[in-house]
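The values are calculated or read from the model by the stated rules, or taken from the named source; none is laboratory data. Predicted, not measured: the structure shown is a model, and the values here were computed from it. Heads up, the Cβs are rebuilt from the backbone with ideal geometry, glycines too, and the neighbour counts pull from every protein chain shown. Remember, those area values only see protein heavy atoms, side chains included, never the ligands or the DNA or RNA. Shrake-Rupley method; radii C 1.70, N 1.55, O 1.52, S 1.80 Å.
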Amino acid sequence: MPPKAKVTREDILSACVEIIRQSGFDAVNARALASRLGCSTQPIFSHYQSMDALKDDALRYAEQVYQRYLRTDMESGEFPPYKASGMAYIRFAREEKQLFRLLFMRDRSAEPPRYDGGDFDGIVDIIQSSTGLSRERAYLFHLEMWIYVHGIATMCATSYLNWDKELISRMMTDAYEGMKLRFLSEEGET
């Protein structure tokens, strides 16, 4: 009888991500993974001390996928860098619905707050250089645009809407330009 194929940590993570993509994060458990891998649960727990440790790796994996979307879209030159970041966020939501939900739509009430503003430094720099807004106003500008973009992305991730790229692009430009006028006007008043 041939020896059993060895299940690697990478195999386990890959199976975990496949389950997430098909059925969502809540579907990940040791039995589902073992079934997908064609093994017992023993190899899973020989590589991971707990399911929480595996889920942490899955979160990191999802974040890496999202970062690739950002990098690809921002480097493509199809849109200005700030708009490209929003378009990437929405494209990620459309193409990786479950990974988007995992990263941006999960219950975080038991987690420490993630965004303290430092995560936005690069984006705020882009807004400052393209609008001339102060750092504080550029940060607020981004928060308001992010809420708008997140709304579109969430509707895409939940299949509530299926707008094409051109319409989304136009709507984002309209929101950006309108918000920019308002912010510049308010900044000029102070």
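Take M145, M179 and sort them by solvent-accessible surface of the protein heavy atoms, 1.4 Å probe, largest at the top.
Largest accessible area first, the list is M179, M145.
Can you find, among A53, S40, M74, the residue sitting farthest towards the positive end of the charge dipole of the range 39-79, where Lys and Arg contribute +1 and Asp and Glu -1 at Cβ?
S40
Compute the signed sum of charges (Lys and Arg +1, Asp and Glu -1) over the other residues within less than 12 Å, Cβ to Cβ, of S159.
Result for the neighbourhood of S159: +3.
With a 1.4 Å probe and all protein chains left in place, how much of the accessible area of the chain comes from carbon and sulfur atoms, in whole percent?
Result for the chain: 53 percent of the exposed heavy-atom area is carbon or sulfur.
For a quick check of your reading of the filter: which trypsin sites (Lys or Arg not before Pro) in the range 1-65 sit in a DSSP loop and have no more than 14 other Cβ atoms within 10 Å?
K4, K6
Could you pull out the longest piece of the chain with no exposed loop chymotrypsin sites (Phe, Trp or Tyr not before Pro) in it, calling a site exposed if DSSP puts it outside H, G, I, E, B and it has at most 11 other Cβ atoms within 10 Å?
Answer - 1-114.
Taking only DSSP H segments of four or more residues, each worth -39500 (n - 2.57), what value at 222 nm results for the chain once the sum is divided by all its residues, to the nearest 500 deg cm²/dmol?
Counting only the DSSP helices, I get -23500 deg cm²/dmol.
For the range 1-99, which GluC sites (Glu not before Pro) are in a loop by DSSP, counting at most 16 other Cβ atoms within 10 Å?
E78
Compute, for the chain, the length of the dipole vector about the Cα centre, with Cβ point charges of +1 (Lys, Arg) and -1 (Asp, Glu) only. Units Debye, rounded to 20.
Using Cβ point charges on Lys, Arg, Asp and Glu, the chain gives about 880 debye.
Can you bin every Cα-Cα distance in the range 46-190 into 10 Å intervals starting at zero and give me the percent of pairs per bin, rounded to whole numbers?
Once binned at 10 Å, the Cα pair distances of the range 46-190 give 10, 37, 34, 15, 4, 1, 0.
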